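Peer 1: First the structure, which I've put down as structure tokens, then a few questions once you've had a look.
Derivation of every value follows stated rules applied to the coordinates shown; laboratory data play no part. Since this is a predicted model, take the numbers as computed values, not measurements. Counting neighbours? That spans all protein chains shown, and the Cβs are built from the backbone with ideal geometry, glycine included.
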């Protein structure tokens, strides 16, 4: 593989003002056969959604690597990975020992709601997976996934009988963009903090390391106060 991948994240201005935690998470993996990177964005109204985001991103990367090593292609990965993620979150929920329907719903809302964006690259395939909102960059071209403040959190499947919102928030797979291997040399994933800051995301995509990217995010969130929400970026560049 000739891909380099790195990531970084910083707490947004509104979260600092309210003494909230950084509710996103990010993780990457690379070896001689594949590159995998994911970011998760915890629900802002959840009391401790950073817990689910952290557990989720770790699972998504580990499970993606396992499935890719087993030979699963992108055409199947989006469905299988989503089902496996929901099963994993369901195991956590079942272990909580809650029996009351309202308590179960409250637990999911407080701990397990997060959106997810991921990228995978092998010698044969390159793709991006999403469930929820955020930004995907293919080189300098950006796709904004705006769900009008109704993100399709994977964990909603666990409490689907309690969902009062529109049916479209209930997903059954990761949406998948499958790319030609020779058509892209730069992929950027970002949390929805960058929805209106295309300029900053383009600058972030030009970074060459996690340290450099982290310094950029710290500058924009802490020093210049340019990003209100938690800011997380994953960059993969073919070298």
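Peer 1: So what are the radius of gyration and Dmax for the Cα set of the stretch 139-239, in Å?
Peer 2: Cα-based Rg and Dmax for the stretch 139-239 come out at 16.4, 47 Å.
Peer 1: Okay, moving on. How big is the Cα convex hull of the stretch 95-166 in projection, averaged over all directions, in nm²?
Peer 2: Numbers: hull surface 28.3 nm².
Projected area, direction-averaged: 7.1 nm².
Peer 1: Right, something else. Sort 32-43, 147-158 for me by packing, meaning the mean count of neighbouring Cβ atoms within 10 Å per residue, highest on top. Let's see the in-between values first.
Peer 2: On the way: 32-43: 23.1, 147-158: 19.2.
Answer by packing, highest mean first, reads 32-43, 147-158.
Peer 1: Using every Cα-Cα pair within the stretch 2-43, state what percent have a distance larger than 15 Å.
Peer 2: Numbers: 443 of 861 pairs.
Every Cα pair in the stretch 2-43 considered, those over 15 Å come to 51 percent.
Peer 1: Take the Cα gyration tensor of the stretch 40-147, multiply each eigenvalue by 5, square-root it, and list the three semi-axes largest first, rounded to whole angstrom.
Peer 2: Values: eigenvalues 152, 66, 19 Å².
Semi-axes (√(5λ), whole Å): 28, 18, 10.
Peer 1: Could you check how many percent of all C-alpha pairs in the chain are farther apart than 27 Å? Each step should come with its number before you reach the end.
Peer 2: Values: 8777 of 28441 pairs.
That fraction is 31 percent.
Peer 1: Let me see the pair-distance distribution of the stretch 33-89: every alpha carbon pair, 10 Å bin width, integer percents in order.
Peer 2: P(r) for the stretch 33-89, in whole percents per bin: 22, 50, 22, 5.
Peer 1: On to the next question. Just want to confirm a number: the relative contact order over the chain, from Cα pairs under 8 angstrom separated by 6+ residues, in percent. Don't skip to the end; give the middle numbers.
Peer 2: Details: 498 pairs, mean separation 71.2, N = 239.
It comes to 30 percent, rounded to a whole number.
Peer 1: Next question. Where does each of 175-185, 223-233 land if you order them by average Cβ count within 10 Å, highest first?
Peer 2: Top of the packing list down: 223-233, 175-185.
Peer 1: Would you mind telling me which residue in 98, 68, 201 has the biggest mean-square fluctuation in a Gaussian network model of the chain, where springs connect alpha carbons within a distance under 10 angstrom?
Peer 2: 98
Peer 1: Which order results if 160, 27 are arranged by neighbouring Cβ count within 10 Å, fewest first?
Peer 2: On the way: 160 10, 27 20.
The order, fewest Cβ neighbours first, is 160, 27.
Peer 1: Normalising by the residue count of the stretch 1-85, find the relative contact order in percent from Cα pairs under 8 Å and 6+ residues apart. Could you put the intermediate results ahead of the total?
Peer 2: Working: 102 pairs, mean separation 19.9, N = 85.
Here the relative contact order equals 23 percent.
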